[in-house]
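Accompanying notes for the structure given below.
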Amino acid sequence: MFNNALTPGGKPLLDINAGGGGGGSPETPDLEGLAEWDQTYMLRALQLAVDAYEQDEVPVGAVVVHEGRIIGAGGNQREALKDPTAHAEMIAITQAAAALGNWRLSGCTLYVTLEPCPMCAGAILQARIPRVVYGAVDPKGGAVDTLYQILSDSRLNHRSDITSGVMATDCAALLTAFFREKRQQGKK
C-alpha cells in the first residue's frame, strides 16, 4: 500500500516487504527538514495502525528509521499472537535489530502513533534508540511524558530525544474510533 510512496526528497521509501532497499538511499534530513520527515514516517506508522485496526488489534503502528530507510515496522499483534509483548514498538525494534545485526540501534529514530508504555520505553532504552517521535499521548499508560518520563530520566544510563504530537489528532482519532466501536460491541 505504501511501498511506492516518496520521501520528502522525492526518493522512494524502503519497501519493507522486499529484501533490499529498492533504488538509492534517501539522504538523512537536516534540522530544517526534520518536521517534514517526521510527518512522512509518522504517516507510515499511522498506516500500520490502520492495518492493526483492520485486524481487530489496538491501532498502534511503529517504524524504525536508520539513515533515511525504514528498517523495522509493525502494528500491534497482541491478539493475533496471543502475546502481551507484541506491541508495535517491540515488533519494529526487533526487526530493526535484525536488519542491522546489532541490538544497539544508535543512529535510529522510532516513530510510533501512541506514546510508548513502560515496557516499550524500557526496550527503547535497552536498544539505545537516540530519538523517539510519537503522535498521541497516552493518559492511562504513557511512559515518555504523561505518567512517567522513562526516556528522559537522568538516573538511567541512556536517554532519548523526544518529539511528541506529530499527527496527534489523526493518531488519537483512530484510537478513539476503535475503542468507541469496542464499547458499542460490549467489549473493553
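May I ask you to work out the translational diffusion coefficient for region 52-179 at 10 °C, viscosity 1.306 mPa s, via Stokes-Einstein with Rh from the Kirkwood sum over Cα pairs, reported in whole µm²/s? Please report the intermediate quantities before stating the final value.
On the way: Rh = 14.4 Å.
Translational D for this selection: 110 µm²/s.
Going highest first, how would you order 131-140, 55-64, 147-156 by mean Cβ packing within 10 Å? Walk me through the intermediate numbers first.
Numbers: 131-140: 20.1, 55-64: 25.1, 147-156: 13.7.
Descending mean neighbour count gives 55-64, 131-140, 147-156.
Where does each of 164-171, 110-117, 65-72 land if you order them by average Cβ count within 10 Å, highest first?
Output ranking for 164-171, 110-117, 65-72: 110-117, 65-72, 164-171.
Assuming 0.36 nm per residue, please report the length gained on full extension of the stretch ALA98 to GLU54 beyond their Cα-Cα distance. Walk me through the numbers before you get to the answer.
Values: separation 44, 0.36 × 44 = 15.84 nm, distance 2.67 nm.
Here the answer is 13.2 nm.
Every read-out reported here was derived from the displayed coordinates using simple, explicitly stated rules and does not represent laboratory data. Worth saying up front: this structure is predicted, and the values here are computed from it rather than measured. Note: ideal-geometry Cβ built from the backbone for every residue, glycine included; neighbour counts use all protein chains shown.
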